[in-house]
1. May I ask you to list pairs of residues, at least six apart or on different chains, whose Cβ atoms are under 6 Å apart, with the first in the stretch 82-105 being under 12 Å from E197 (Cβ atoms) and at pLDDT below 95 and the second being surrounded by fewer than 19 Cβ atoms within 10 Å (Cβ to Cβ) and of a type in the set (G, A, S)?
2. What are the residues in the stretch 302-327 that are out of contact with any His (no Cβ under 9 Å at 6 or more places or on another chain) and either polar (S, T, N, Q) or surrounded by 15 or more Cβ atoms within 10 Å (Cβ to Cβ) (or both), if any?
3. Please find, among G91, G199, G159, the residue that is under 36 Å from the mean Cα position of the chain (by Cα) and on the phi > 0 side of the Ramachandran plot.
4. Is one or more of the residues making up the stretch 281-299 in a helix (DSSP H, G or I) and over 26 Å from G226 (Cβ atoms)?
5. Does E124 satisfy the criteria of being more than 36 Å from the chain's Cα centre (by Cα), acidic (D, E) and surrounded by 13 or more Cβ atoms within 10 Å (Cβ to Cβ)?
Amino acid sequence: MLQARIIAALSLLRGPFYQRASTIDTSHSETTQGNFDLNIARELPDGYTSSSVATRAASTRETARLSAPFTEIMNEYSARSNMTLTYSECGDSCVTRVQAFGFSADCMQYEEFTDYNSSLPYSEILFDSSVSLWLRDYDATNAVEAMGGIALNSTFYEGRNESIDLRTERKYLTYHICNLTPGIVEYDVNLASGTVELGPRSQDRFVQAVDLTAPNYLGGNNTIGGFQYAGDYLFNSEATLSFAGAVSSTHLSGSLANQMLKDINGNWFYTFNDPMHMMLDAMREIAFRASLKVGRDNSTVPVQTLAFTGRRTYSVYRADWVYLILAVTMSIAGLTSILATFHGWWRLGRDVSMNPLEICKAFSAPLLEDAGSNVSFQTFPEHATDFEVRYGFIRDGPTTVKPDNAASVTPQLVVDELTRIHAPREGQIFQ
């Protein structure tokens, strides 16, 4: 009895010992290399992004509205949704270079100054940003179709000024303009968990220019106009100083001027940062999102087979042999103690099983009183009838006599008919 209690107590330690017997090291990784196919469009379909305003004037070309697919692209960009892409296994993450639609930027930056008489009221632009069209190789008076790109324009005051005399002050504004030519661009991309992230813009390689239609003054769909329309919606912003002595003020409109605000300087001459890098990054991402959507929605887009390099982490299981031996020893001791209870089973004279009917007979179930005391489970069906049974106690059990000669009913736990059996209650005593 004491040995059984010791073994039962020690068996409680098996779980903790097994837990300590093994550890998982997830810091290991390996390089993956190979090829996979990506559905990314290198060019956009003609007329993909927007519809033109029918101005009937060759010199006026405007975008009326965005197309449904490009509207969805802009909604995803504004929500900063992950860029998703289906691709085959390449590891936990991988990098590759892929060709997609994009822009080549031709930028120039310069300064201009304006002299102001501080004794007179005046108005001055301190910040201005916009996105416009630029067209090439067409006759403005006759051409219906025109090709072109978009121009990113920014003007900002950085705080540089000079005093010319007691009343005249010279202020310098910085102008930064980038003309974007549409075409095919090769990007560095990072892939992980079904999402895509663009690599540094400095690693982009412009492969070739692509002619894209600009808004048509007779109406119809166009491709480059949607980028200009969306870009101007995102970035059209300005800050204007109205100087009038003590009642001077600076008014900001649009979100970009507020984002680029650098210093108030304690007066109305606010200074600003250059927004061009943000504008270039935005147009780059929008162009890449467009390539992803065209490749996703159009099954005729040629698949690009690309080489990738990635990393894959894997787990290494390590065993602590001391805890493992202790846990296995306790498991064997528990199994041995259970097997010991079956010692002498051959003396029963027949095969014994854990069959439910045989267990019921071992608990003297009244239902099986008619069966012999040494009946095997194979012959039990001959003595059984078809009704439901349960394990519990019969309320009208046998009568016992207590030391004070008072008769009482002490129930027994048995297996009997469902209608006669009651469920035991906590604290109840049975024979």
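1. From residues that are under 12 Å from E197 (Cβ atoms) and at pLDDT below 95, the pairs are T84/G194; S93/A192.
2. The answer is Q304, T305, L306, F308, T309, G310, R311, R312, Y323, L324, L326, A327.
3. G91
4. Within the stretch 281-299 (the criterion being in a helix (DSSP H, G or I) and over 26 Å from G226 (Cβ atoms)), the answer is no, since none of the residues qualifies.
5. Criteria met by E124.
Here's the yes/no breakdown for (1) among the aromatic types (F, W, Y); (2) assigned to a helix (DSSP H, G or I); (3) closer than 26 Å to S123 by Cα:
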position: Y175; (1), (2), (3): yes, no, yes
position: I184; (1), (2), (3): no, no, no
position: E238; (1), (2), (3): no, no, yes
position: A257; (1), (2), (3): no, yes, yes
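Okay, residues lined up against (1) within 60 Å of the chain's Cα centre (by Cα); (2) modelled with pLDDT under 70; (3) closer than 19 Å to L413 by Cα:
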site	(1), (2), (3)
V328	yes, no, no
S337	yes, no, no
A340	yes, no, no
G349	no, yes, no
L357	yes, no, yes
A371	no, yes, no
N374	no, yes, no
E382	no, yes, no
R390	yes, no, yes
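Rundown of residues vs (1) closer than 30 Å to V294 by Cβ; (2) at pLDDT 80 or above; (3) not acidic (D, E), yes/no style:
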{"residue": "S119", "(1), (2), (3)": "no, no, yes"}
{"residue": "S130", "(1), (2), (3)": "yes, yes, yes"}
{"residue": "N153", "(1), (2), (3)": "yes, yes, yes"}
{"residue": "S163", "(1), (2), (3)": "no, yes, yes"}
{"residue": "L166", "(1), (2), (3)": "no, yes, yes"}
{"residue": "E169", "(1), (2), (3)": "no, yes, no"}
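The values are calculated or read from the model by the stated rules, or taken from the named source; none is laboratory data. These numbers were taken from a predicted model, which means no experiment stands behind them. Don't worry about glycine lacking a Cβ; one is built from the backbone with ideal geometry, like all the others, and counts go over all protein chains shown.
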